[in-house]
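The values are calculated or read from the model by the stated rules, or taken from the named source; none is laboratory data. Every value quoted in this text rests on a predicted model; they were computed, and no experiment measured them. We place every Cβ from the backbone using ideal geometry, glycine too, and count neighbours over all the protein chains shown. The accessibility values were calculated without ligands, DNA or RNA, using every heavy atom of the protein model including side chains. Shrake-Rupley method; radii C 1.70, N 1.55, O 1.52, S 1.80 Å.
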Amino acid sequence: MKVFQLTVTAVLPLVLLGTACAKGSDPKPDNAATTVVSQAPSITASLDPAPAQHNHGRSAVMFDPCTGIGDSVIEKIGFDPRTRKRDDYIDEDYSFIGCLFDQNGTVDGSVMNTHELRIDSSNITLDEFRKRDAGKLTTVKVNGQDALMRKDGAETCFLDIPGPDGTLNFQFGVLDPHSTENPCDRAIAIAGVIQAAVPK
């Protein structure tokens, strides 16, 4: 179910930081620099590259949840990083770069997919979502910041929080037919962990 999401998928660039050497601490000349390369998150799944974007009048989405959120973070929120799948949505004027994850459990003696999670980075702002879905949203706090929440039935919760490209968008679904959990409670907890792991 697509909900005005921007799916922009882009591999995080390696950041090169020049660090000048202090006098006397290294035999290198004063103008020598040390290059430090930031390490990309560890990911085991094989993924297709993000699709091309159009984004007329908007900046492209640069953060790709599929490549920018490591396996250890996905495990921390209870999902299996081996289920990582690309799921993007590209419009003429905006983009959602997204990733899907599954969580398995045992139901009536059988192993099944009990929860699903979609994480997007979009170049739509929180204010745009607020105006678009006025009257349908609840404002909550995630890591002390405003977030927009919308429950869809008893099983699915949508959550939009500030992100590096505009917003990070979450769709959390409960597939276990016997579950009585409130999906929005866990969606808020998941968003807090993911937001803390995403570069600002």
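For the range 148-164, backbone phi angles converted through the Karplus equation (6.51, -1.76, 1.60; θ = phi - 60°) give residue-by-residue couplings of 10, 10, 9, 8, 10, x, 8, 10, 10, 10, 10, 9, 10, 10, x, x, x Hz, Gly and Pro being listed as x.
A Förster radius of 25 Å, combined with the Cβ-Cβ distance separating Asp48 from Asp127, puts the computed FRET efficiency at roughly 0.20. Put a dot 7 Å past the Cα of Thr180, heading toward its Cβ, do the same for Met112, and the two dots end up 1.9 nm apart. Computed over protein heavy atoms with a 1.4 Å probe, the accessible surface of the range 97-167 works out to 45 Å² per residue. The length gained on full extension between Asn104 and Ala196, counted as 0.36 nm times the residue separation minus their Cα-Cα distance, comes to 30.6 nm. The Cα atoms of the range 44-200 give a gyration tensor whose axes a ≥ b ≥ c have a/c of 1.5 or more with a/b no greater than b/c, which makes the shape oblate.
The spacing between the range 38-84 and the range 137-200, judged by their C-alpha centroids, is 17 Å. Given their separation in residues at 0.36 nm each and the Cα-Cα distance between them, Glu75 and Glu92 gain 2.7 nm when the chain is fully extended. Amide H contacts for Lys85 (H built 1.01 Å from N in the peptide plane; partners 5 or more residues away or on another chain; cut-off under 5 Å): Leu100.
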